Amino acid sequence: AAKKSGHDAVVYDPASDRASDQNLSLLSELRQAVERNEFVLYVQPKIALSSTTVIGMEALIRWVHPERGMIFPDNFIPFAEKTGFIRVMTRWVLEQSAALCGQLLAQGIHLKMSVNLSTRDLLDQDLPNKFGDLLLRHDLTAASFCLEITESAIMDDPVRALQTLERLHAMQVELSIDDFGTGYSSLAYLKRLPVDELKIDKSFVMNMENDTDDAQIVRSTIDLGHNMGLRVVAEGIESVVVMKLLAEMGCDQGQGYFISRPMPAAKLADWISQWTPPALH
Ligand code: C2E
Ligand code: CA
Ligand code: CA
Ligand code: CA
């Protein structure tokens, strides 16, 4: 199930999944990667679209393999989820994210850190306790974090996922529905989830300047989110035209390559000090 891609990186291919030697070696490589500190925390800035100020960032994991170079999460996260190794990775990402928040706060930079959770994380009944412990150890409040979950992660086991989400929400952590519009959750279900933010999937955003269907989907999703009292975020902003369109549509926040590609966490403070927002009016 692990094969080589054009970039010579390990690729997990669920279509040919079986208990192969290659699977075992990928798992042992992931374990080693933790011991050898091969994971790197990348972050992508998130801005308020009305003021174009930087208000947050999303944590995105990278694996810098000693021989194969940079490996992107789509090539190992699905495998990590399947094997349960994702819990180790999530802990690592939360730990690094909390440390970064602390460092930024010490420099007077207040940003909300968005962290991606997987299905397995939502089914971990101990997650809220672990998260509370993390905040204590790093002297942070829950307001420093937003946890992103996908519709499909919730629908895997809605009852248990809802329990975890409600406990996290009771701790004042913000929750976001990621990749909105690509999953299969019903709107009735969405109504019952204790979420604060809805994140429109980049597949609708990237080409909305040319595709009127995409633009209509984005517009309707912004209105839907607002009518439900949610903050709406667009990911995948790749041009100033799309950024302006979203601002006109009243979308609250945005992220994308046009603003910044994900960067190593250590570079964020410098990037912020140099950020010159484009004129939107
Ligand atoms: P996601 O959560 O939907 O993250 C957004 C992805 O879109 C990121 O890819 C980001 O680099 C990319 N992106 C951001 N702006 C643009 C843009 O303007 N255009 C385009 N084409 N792409 C853009 P990345 O970093 O490769 O991550 C892929 C996925 O892997 C993430 O999708 C998320 O589902 C997962 N992932 C990444 N880091 C973590 C993690 O720490 N934990 C978990 N559970 N999943 C993670
Ligand atoms: Ca995300
Ligand atoms: Ca997304
Ligand atoms: Ca995704």
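Read the figures in this text as sums done on the coordinates, not as results from a lab. Quick caveat, the model's predicted, so the values are computed rather than measured. Glycine also receives a Cβ, built like all others from the backbone with ideal geometry; neighbour counts cover every protein chain displayed.
Fewest first, what order do THR221, THR119, THR182 take by the number of other Cβ atoms within 10 Å?
THR182, THR119, THR221
Can you put MET113, MET249 in order, fewest other beta carbons within 10 Å first?
In order of increasing Cβ crowding within 10 Å: MET249, MET113.
Would you kindly state how much longer the chain becomes between ASP156 and LYS191 on full extension, computed as 0.36 nm times their sequence separation minus their alpha carbon distance, in nm to one decimal?
10.9 nm
Using the Cα centre of the chain as the reference point, and only Cβ charges (+1 on K/R, -1 on D/E), how large is the resulting charge dipole? Debye, rounded to the nearest 20.
Around 460 debye, computed over the chain.
Would you mind calculating the relative contact order of region 122-281 from Cα pairs under 8 angstrom and at least 6 residues apart, reporting the percent as a whole number? Let's see the in-between values first.
Working: 206 pairs, mean separation 25.3, N = 160.
Averaging sequence separation for qualifying contacts and normalising by length gives 16 percent for region 122-281.
In straight Cα distance, which aspartates and glutamates are under 20 Å from LYS191, not counting same-chain residues fewer than 8 positions off?
Within reach: GLU148, GLU151, ASP156, ASP157, GLU166, GLU174, ASP178, ASP179, ASP201, ASP223, ASP252.
How high is the relative contact order of region 129-195? Use alpha-carbon pairs under 8 Å, at least six apart in sequence, and give a whole percent.
Reported as a whole number, the value is 38 percent.
Using +1 on the beta carbon of Lys and Arg, -1 on that of Asp and Glu, and nothing else charged, what's the dipole of region 122-251 about the Cα centre, debye to 20?
400 debye
Going by alpha carbons, how many degrees (0 to 90, nearest 10) lie between the helix axis of 158-170 and the longest principal axis of the chain?
For 158-170 against the chain, the angle is about 60 degrees.
Of LEU100, MET70, GLN125, which is farthest on the positive side of the dipole of the chain, counting Cα position, with +1 on Lys and Arg Cβ, -1 on Asp and Glu Cβ, and the Cα centre as origin?
Farthest towards the positive end: LEU100.
Whats the longest run of the chain with zero trypsin sites (Lys or Arg not before Pro) that are DSSP loop and have at most 16 other Cβ atoms within 10 Å?
On the way: sites that count: ARG18, ARG36, ARG68.
Formally, the longest exposed-site-free interval is 69-281.
Counting each DSSP H run of 4 or more residues in the chain as -39500 (n - 2.57), what helix-only mean residue ellipticity at 222 nm follows after dividing by all residues, to the nearest 500 deg cm²/dmol?
Result for the chain: -12500 deg cm²/dmol, rounded to the nearest 500.
Given labels modelled 7 Å from the Cα in the Cβ direction, how far is it in nm from LEU280 to HIS110?
Reported label-point gap for LEU280 and HIS110 is 2.0 nm.
Can you tell me the relative contact order of the chain? Whole percent, Cα pairs under 8 Å, sequence separation 6 or more.
On the way: 449 pairs, mean separation 46.4, N = 281.
It rounds to 16 percent for the chain.
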